[in-house]
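Let me begin by presenting the structure, written as structure tokens, before commenting on it.
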Amino acid sequence: MEEIEGQGALSDRPVLHDLRQTHATCLLARDVPIHAVSARLGHESITTTVNTYGHLVDDADRLAADALDGT
């Protein structure tokens with residue numbers, strides 16, 4: 001672990017920003033709409049949220065299609 005830590009990949013103590021990212025990730029995993037997460041994080045633009053966390057909601061298009069399909 002020390003080798004990895006020396007590369008800046010891991011820290012043995014979380015910092016406030018780590019907790020903020022975990023919070024956002026947990027909300028998105030529970031299907032909280034990304035615009036609500038954006039507001040909660042205080043981002044000026046939803047673009048910031050989408051650029052940072054958009055990969056976590058990749059199945060949004062599938063969910064939209066399923067909603068229209070009635071499934």
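The values are calculated or read from the model by the stated rules, or taken from the named source; none is laboratory data. Remember, predicted model here, so these are calculated numbers, not experimental data. Cβ placement follows ideal geometry from the backbone for every residue including glycine, while neighbour counts extend to all protein chains displayed. To get the accessible areas, we keep the full protein, side chains included, count just its heavy atoms, and leave off ligands, DNA and RNA. Shrake-Rupley method; radii C 1.70, N 1.55, O 1.52, S 1.80 Å.
Of note:
- Heavy atoms of HIS23 accessible to a 1.4 Å probe, total area in Å² rounded to 10: 70
- Rounded to 0.05, the FRET efficiency of the ASP12 and ILE46 pair, given R0 = 22 Å and the Cβ-Cβ distance, is 0.05.
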